[in-house]
Amino acid sequence: MTRHDELQARLRAVRERIDLAAAAAGREDRVELVVVTKFFPASDVRILADLGVSDVGENRHQEAEAKAADVGDLSLRWHFIGALQSNKAAAVARYSHVVESVDRTSLVSRLARGAGESERRLDVLLQVSLDPPGADHRAGADPDDLAGLAENVAAAPELSLRGLMAVAPLGEDPVVAFDRLAGIRQRFVQQFPTATLLSAGMSGDLEAAITVGATHVRVGSAVLGSRVHVQ
Ligand SMILES: *Cc1c(COP(=O)(O)O)cnc(C)c1O
């Protein structure tokens with residue numbers, strides 16, 4: 001089997017899972033697929049584009065920057081989904097179309113500067129932590145800090161506040177975690193009615209995310225295969 005055939009078959013299976021979950025949830029809106037290409041080569045990105053993929057996600061700046069440049073002839077939307085270092089934020093904003101992992105106010109002016117330099121409006125999702133209160137927080141803003149962060153993003157003309165992103169915590173049933181996310185999102189959209197996007201769900205839990213209203217799922221290994229072989 002060629003790599004093209006392999007990716008085509010896996011992509012088809014993932015799209016079927018998305019369609020089934022959307023139908024089961026009675027969703028009439030579209031659920032967008034972001035294929036997470038971290039650890040995989042630009043040649044795979046090219047195949048994915050050929051197979052109709054429009055959105056790709058990366059979580060490490062250096063790798064993302066190099067890959068985006070490698071396939072700069074393709075009209076893909078690049079989503080940055082990884083932990084953002086402050087000193088890299090402006091650079092990330094230069095090649096990204098969407099930054100999904102904005103979790104603190106100190107990133108805002110840096111992202112705005114990078115977006116301004118590329119003369120493009122940058123879509124921003126705020127990453128919210130789903131860890132229970134008191135847990136050692138992984139990436140993501142505390143739900144109580146979202147409104148303040150959102151106001152900062154909304155005030156930057158180079159940035160467009162589009163919604164929220166979350167990752168289900170390890171060791172917790174994603175159905176339970178995403179249920180919490182649905183409540184957080186409902187309150188958020190009441191305050192920021194145009195920020196309706198919700199990026200949640202990965203290879204293992206995309207169905208649970210679609211059930212609670214994810215508009216974007218971020219799927220890596222189910223499309224590209226296991227990352228252990230390429231790390
Ligand atoms: C790697 C990654 C994904 C994709 O994970 P898979 O389990 O391979 O689908 C999604 N979201 C984030 C933030 C990631 O870092």
Sum of side-chain charges, Arg113 neighbourhood, beta-carbon under 14 Å (Lys, Arg +1; Asp, Glu -1): +2
Coil-residue GluC sites (Glu not before Pro) of the stretch 128-199, DSSP, other Cβ within 10 Å capped at 16: Glu172
Rounded FRET efficiency, nearest 0.05, which uses the C-beta distance separating Asp173 from Thr105 and R0 of 35 Å: 0.65
Rounded to the nearest 20 debye, dipole of the stretch 88-231 from Cβ charges on Lys, Arg, Asp, Glu: 520
Candidates Ala93, Ala25, Ala200, ranked by Gaussian network fluctuation over the chain, Cα under 10 Å, top entry: Ala25
Among Gly163, Gly116, Gly213: highest mean-square fluctuation, GNM of the chain, C-alpha pairs under 10 Å: Gly116
Alpha-carbon centroids, the stretch 1-72 and the stretch 203-228: separation in whole Å: 10
Long-range HN-HN contacts of Ala168 with modeled amide H, under 5 Å: Gly201
Of the GluC sites (Glu not before Pro) in the stretch 16-123, those whose Cβ has at most 14 other Cβ within 10 Å and which sit in DSSP loop: Glu28, Glu119
Efficiency of FRET between Met1 and Asp50 - r from beta-carbon atoms, R0 22 angstrom, step 0.05: 0.85
Spherically averaged projected area of the chain from its Cα convex hull (nm²): 12.4
Percent RCO, i.e. relative contact order, over the stretch 101-214, from Cα pairs under 8 Å lying at least 6 residues apart: 25
Whole-number percent relative contact order across the stretch 3-222, with pairs defined as alpha carbons under 8 Å at least 6 apart: 19
The chain: most fluctuating residue of Val53, Val128, Val219 per GNM, C-alpha cutoff 10 Å: Val53
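Laboratory data are not the source of any read-out in this text; all were calculated from the coordinates shown. Values in this document were obtained by computation on a predicted structure and should not be read as measured data. When we count neighbours, we look across all protein chains shown, and the Cβ atoms used for this are built from the backbone with ideal geometry, even at glycine.
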